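So the structure is just underneath, and the comments pick up after that.
The values are calculated or read from the model by the stated rules, or taken from the named source; none is laboratory data. It should be emphasised that the depicted structure is a prediction, and the values quoted were computed from it without experimental measurement. Note: ideal-geometry Cβ built from the backbone for every residue, glycine included; neighbour counts use all protein chains shown.
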Amino acid sequence: MDDLAQFKQTFFSECEELLGDLEGHLMALQSGEGDNNTLNAVFRAIHSIKGGAGAFGFDRLVAFAHIFETVLDLMRDGRLEPTPDSVLLVLHCADILSDLVKAAQNGTELPADHENEGRKSLIDLAATIGVDADPHAADAALAALDAQLAGGGGLDAEPEPAPAAAPEPEPEAPAAPAAPAKVPLLKYLVKFTPRDALYQRANEPLILIRELRELGGFLAKADAEAVPALDQIQPEGAYIKWEFEVETDRGEQAIKDVFEFVLDDCELSITCLNPPAAAAKPAAAEAKPAPEAAPKAEAPAATPVAQPKPEAPKPAAAAAPKPEAGAGSAGPGGGAGGGGGAPGGETKAARSIRVDLDRVDKLVNMVGELVITHAMIAQQTEHLHADQHPELANGLAELSHHIRDLQESVMAMRAQPVKSVFARLPRLVRELAMMTNKKIRLDMSGENTEIDKTVIEQLGDPLTHMIRNSCDHGIESPEDRAAAGKPAEGVIHVSADQRGGRIVIEITDDGRGINREKVMKKAIEKKLVAPDAVLSNEEIDNLIFLPGFSTADTVSNISGRGVGMDVVRQNIQSLGGRVHIQSRPGQGSSFILTLPLTLAVLDGMVLKVGVQSYILPLANIVESLRPEPDQINIVANQSQLLRIRGEYVPLVYLHRIFKVPNGIDDTTKALIIIVELEDSSKMGLVVDEIIGQQQVVIKSLEENFDPIRGVGAATILGNGRVSLILDVAGIKHIAEHEGQQRGSVPRLAAPAA
Amino acid sequence: MTKRVLTVDDSKTMLQMLQFALKQGGFEVIQGENGQEGLDLLDANTVDVIITDINMPVMDGITFIKELRKKPKNKATPVLILTTESSQSKKEEGRSAGATGWIVKPFDPGKLLEVIRKVSP
């Protein structure tokens with residue numbers, strides 16, 4: 001069994017696909033578009049998951065899938081009507097199943113009662129039509145039956161004859177107890193009369209005889225009395241019967257096992273000819289009809305038969321169809337089309353391969369190194385004149401081109417359409433609409449837009465939360481909408497689109513929009529903004545992303561699950577993305593998410609601050625300028641503001657934040673880079689100079705270091721030096737909370753010195 | 001001579017596991033993902049044993065067995081059905097379609113080869 005453990009990964013990938021498809025099928029069922037094929041597909045998905053789970057010993061998953069499957073089987077048979085309630089239950093159970101699959105994959109243990117409720121509902125549902133879907137109940141019933149049998153057997157017999165008494169035992173069940181018991185060498189008389197059906201199912205007495213012979217001492221007698229004249233022989237007719245004497249120490253069960261597949265297609269009797277003394281009495285009693293029958297059969301059997309005779313049935317029964325086979329294969333020669341189909345199937349299978357994600361990541365990483373090495377070489381050769389070394393220059397240019405292609409191809413390997421995340425949304429909206437008694441339609445576009453797999457995996461939660469928010473807070477009740485002159489049905493539009501080097505996902509609703517008055521009041525109440533603060537509409541809207549902010553008057557069980565929009569923003573930021581909201585009161589709101597195409601490479605600006613150079617993500621930069629002296633205003637608490645186009649932007653000296661010596665303090669000699677933060681607020685970073693734009697490979701610091709505020713990651717520059725990638729939100733935090741004023745520099749610098 | 005087994009199952013995991021077990025037993029393996037693919041493969045190939053799942057899209061295992069048995073070429077080819085349940089009804093259904101025997105999932109590779117021995121010359 002351990003050998004098969006290597007296919008676990010395949011199993012989980014398959015589960016993922018099956019669960020994904022399942023979602024679609026279930027949605028179709030719920031919207032009433034499903035038919036019997038849909039139910040069949042749903043059943044098959046659960047069935048396949050159960051089958052695989054059984055192979056790897058995920059017992060809990062198997063147990064739940066089994067009950068689930070039973071109910072689905074009843075549904076596809078038409079015995080259970082798929083009502084809205086039962087479909088909802090099936091949806092719910094599909095989620096549970098998905099949880100169990102994930103738990104099995106990650107090797108985690110879910111709470112013991114995780115599936116209890118769903119399980120009970122399924123059992124109850126099956127019980128409404130009198131079906132017991134609970135395997136444990138069935139086990140219990142069997143156990144009770146066994147106890148009864150054992151009790152009854154105990155009165156007059158050893159357990160041994162019990163299987164003999166029952167002509168058609170479940171082969172698996174008695175085999176287990178029989179195996180450990182030591183069986184003496186006994187001689188059995190086996191009488192075997194095949195019926196036509198045995199041959200029709202391609203069973204072959206000769207194989208059975210071969211198997212029997214391996215049990216021990218063996219003597220066969222064939223009775224070919226009934227074989228008709230050649231011209232009357234039916235190719236699949238059963239004309240020959242056998243008697244075998246088998247001497248074996250493997251017990252009667254071993255003989256029965258040989259006939260496992262043909263029990264219903266033959267007459268079979270097995271009699272022990274020399275039962276051991278202890279079991280003699282009951283065995284003889286059981287076998288009574290057999291010895292009577294034996295002589296009858298023996299009389300004709302003994303006369304015409306000799307040992308070589310068993311070969312006879314071969315031409316009669318097995319070989320007969322074979323000549324036809326030759327003709328047959330010529331017949332379907334017309335099936336050349338079918339033959340063409342076969343290789344077609346193979347190429348289809350070869351079109352995609354499953355590759356471990358680690359391998360792809362390793363490749364991504366190596367391409368990253370290649371980018372760095374290329375940058376290094378390019379820098380080393382910069383001083384050489386292109387016309388003196390034309391081949392080198394051309395080669396480098398070409399190399400750069402190829403590396404970029406290579407990089408894009410590798411990134412594409414990790415890319416997946418956002419479809420997989422979007423697929424969950426229709427159901428979510430439907431459920432939310434039901435819970436809130438609203439009418440909501442979901443439109444989606446751009447599902448085929450591709451993003452990095454890691455981003456996709458992390459996108460589910462924030463997206464779900466924003467949709468919840470739109471359904472709960474955004475879309476109004478049908479009455480309110482009617483009063484506002486809107487159609488009763490609210491619309492949420494989710495779109496994905498690639499713009500520049502980033503993916504933009506927008507979630508737009510046509511609801512009431514953000515109530516700015518209420519948001520402002522709440523923010524002041526929660527001391528998130530000063531009571532006298534004057535904020536632009538946009539700034540007010542984006543207050544909802546602040547930690548600890550929630551406008552819902554009562555915590556509903558939809559949005560108010562303890563996860564605020566601040567967590568959404570954190571999630572998106574940790575993916576290197578940004579989120580903000582645009583709202584038009586009375587007309588609706590849009591959440592706008594921008595995400596990087598990949599997490600491995602970043603477009604950055606190389607900055608010089610004192611002796612250090614840093615990378616600033618290009619995505620943050622709005623503009624850069626060298627200000628006139630009159631643009632700088634110093635406010636009471638000594639912080640400096642840059643006045644630009646009527647707006648005041650706080651200035652942050654990067655060299656003070658990072659305590660870099662010899663940074664330029666004179667703003668008119670330095671350079672100011674205006675950056676925009678997630679909350680749409682702006683900040684002016686004061687740096688010495690901009691060195692240039694560069695694509696850098698992100699090297700995570702978290703594997704080796706504790707998080708450093710203000711620094712997101714690191715990279716290696718073309719000159720081989722490590723450079724830190726700045727995190728503007730962290731820098732803002734340092735500036736606001738730890739201070740960066742000239743006066744405070746010595747205090748900050750002191751511990752470092 | 002290497003014997004060839006046709007395995008038909010809509011689960012790639014199961015196909016891979018069967019292939020692994022069968023190759024260890026020295027069999028050559030060809031694979032189809034549903035009954036229709038199975039029939040097409042049978043038209044183009046000669047096989048010694050057929051192993052098929054029951055629940056599959058496009059064409060299920062029961063129909064597959066009934067169809068393949070209609071062709072003289074396949075009449076004597078042993079067909080084993082894969083079943084998760086050892087329930088009598090599934091076996092009966094398979095048998096009445098013309099299945100030779102059955103393999104109860106989950107199988108272990110040794111047991112699988114043993115069952116094949118029981119139906120294959």
Could you grab me the full set of residues in the range B:76-86 that are more than 7 Å from chain A (Cβ to nearest Cβ) and touching a helix residue (DSSP H, G or I) at 6+ places or on another chain (Cβ under 6 Å)? B:I81, B:T83
Restricted to the range B:104-121 and to residues being within 13 Å of the chain's Cα centre (by Cα) and part of a helix (DSSP H, G or I), the residue nearest to the other protein chains (Cβ to nearest Cβ) is B:V119
Looking only at the range A:421-440, decide whether some residue is buried (at least 19 other Cβ atoms within 10 Å of the Cβ), more than 25 Å from A:M565 (Cα to Cα) and of a type in the set (V, I, T). no
Considering each residue of the range B:39-58, count those that are buried (at least 23 other Cβ atoms within 10 Å of the Cβ), more than 7 Å from chain A (Cβ to nearest Cβ) and not aliphatic (A, V, I, L, M), and give that number. 2
Among the residues of the range A:208-253, how many are outside any loop (DSSP other than H, G, I, E, B), in contact (Cβ under 8 Å) with a residue 60 or more places away in the chain and within 50 Å of the chain's Cα centre (by Cα)? 4
Quick one: B:K66 ticks every box in (1) under 24 Å from A:A41 (Cβ atoms); (2) basic (K, R); (3) facing another protein chain (nearest Cβ under 9 Å) except a single one, so which number is it? (3)
For the range B:87-95, state whether one or more residues are surrounded by fewer than 21 Cβ atoms within 10 Å (Cβ to Cβ), part of a strand (DSSP E or B) and facing chain A (nearest Cβ under 10 Å). no
Screening B:K73, B:K3 for residues that are more than 30 Å from A:D73 (Cα to Cα), within 10 Å of chain A (Cβ to nearest Cβ) and charged (D, E, K, R) leaves only B:K73
Any idea which of (1) assigned to a loop (DSSP other than H, G, I, E, B); (2) modelled with pLDDT under 85; (3) surrounded by 18 or more Cβ atoms within 10 Å (Cβ to Cβ) is the one B:T77 doesn't satisfy? (2)
A:E260 vs. criteria acidic (D, E) and within 14 Å of chain B (Cβ to nearest Cβ): yes
Given the conditions (1) over 25 Å from A:R578 (Cβ atoms); (2) surrounded by fewer than 17 Cβ atoms within 10 Å (Cβ to Cβ); (3) at pLDDT below 80, and given that A:R721 satisfies all but one, which numbered condition is not satisfied? (3)
B:I30 meets each of (1) closer than 19 Å to B:S120 by Cβ; (2) aliphatic (A, V, I, L, M); (3) buried (at least 24 other Cβ atoms within 10 Å of the Cβ) with one exception, condition (3)
Suppose the filter is touching a helix residue (DSSP H, G or I) at 6+ places or on another chain (Cβ under 8 Å), within 11 Å of another protein chain (Cβ to nearest Cβ) and part of a loop (DSSP other than H, G, I, E, B); does A:A197 pass it? no
Has the range A:64-83 got any residue that is in contact (Cβ under 8 Å) with a residue 60 or more places away in the chain, within 16 Å of A:D124 (Cα to Cα), more than 14 Å from every other protein chain (Cβ to nearest Cβ) and buried (at least 19 other Cβ atoms within 10 Å of the Cβ)? yes
